[in-house]
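Report on the following structure.
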Amino acid sequence: MSGSPRSPLLLLDVSLHTEDQGRLPVALVGGRADVVAPLVLGEGTVASLGLTFRLDGEVDGLTFEEERARDGRVLATTRTLLGDFRRGGPYEVWLPPQRWPVGRLHCGVYRITGRLLDGAGRELALENHDLRLVHLSGTPTAPA
């Protein structure tokens, strides 16, 4: 998610945080998901999204909007209010963890679009990325 031309927000880092794979950096490529290989996650993975950014001015009502699509069809859009921020940073926020679905039917490539919006709904940053959800073979190990 790079900042828009006159955006007060400069996105410094985006990463997925998982229990099994740790921190997975997401390349900052603006809206160009086609220039990087998809991130790969196993079905049922629980992941939190981490965002790090700087601000050149105050932003009230900063919101993160995530859209998940597959085969050109939007499956879900979620909005998370991050709050009010003053000039400075870097600020680091983590979104609540989400579990990816389980089952071969859900495996495949998802297009994830992330936007940072101000309280008036103006887009401050945008990123598109592809994520490949893969089937995990075998039986999960029982907890010890």
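Tabulated values for the structure
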{"item": "Some residue of region 14-28 being modelled with pLDDT under 90, within 13 Å of the chain's Cα centre (by Cα) and open to solvent by 40 Å² or more (accessible area, probe 1.4 Å)", "result": "yes"}
{"item": "Matching option when the condition is open to solvent by less than 80 Å² (accessible area, probe 1.4 Å), closer than 21 Å to residue 124 by Cα, of a type in the set (S, T, N, Q) and out of contact with any Leu (no Cβ under 7 Å at 6 or more places or on another chain), among 78, 52", "result": "78"}
{"item": "Failed item in (1) more than 19 Å from the chain's Cα centre (by Cα); (2) open to solvent by less than 60 Å² (accessible area, probe 1.4 Å), with residue 60 passing the rest", "result": "(2)"}
{"item": "Filtered residues of region 97-116 (kept if part of a helix (DSSP H, G or I), in contact (Cβ under 8 Å) with a residue 12 or more places away in the chain and either among the hydrophobic types (A, V, I, L, M, F, W, C) or open to solvent by less than 20 Å² (accessible area, probe 1.4 Å) (or both))", "result": "none"}
{"item": "Among (1) closer than 21 Å to residue 45 by Cβ; (2) touching a residue at least 24 places away in the same chain (Cβ under 8 Å) - the single one residue 65 does not satisfy", "result": "(1)"}
{"item": "Residue in region 84-102 that is under 14 Å from residue 39 (Cβ atoms) and among the hydroxyl-bearing types (Ser, Thr, Tyr) present", "result": "no"}
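The values are calculated or read from the model by the stated rules, or taken from the named source; none is laboratory data. Just so it is clear, the structure is predicted and the values come from calculations on it, not from any experiment. Quick reminder, even Gly has a Cβ in these numbers, built from the backbone with ideal geometry, and neighbours come from all protein chains shown. Just so you know, the surface numbers come from the protein's heavy atoms only, side chains and all, with ligands and any DNA or RNA stripped out. Shrake-Rupley method; radii C 1.70, N 1.55, O 1.52, S 1.80 Å.
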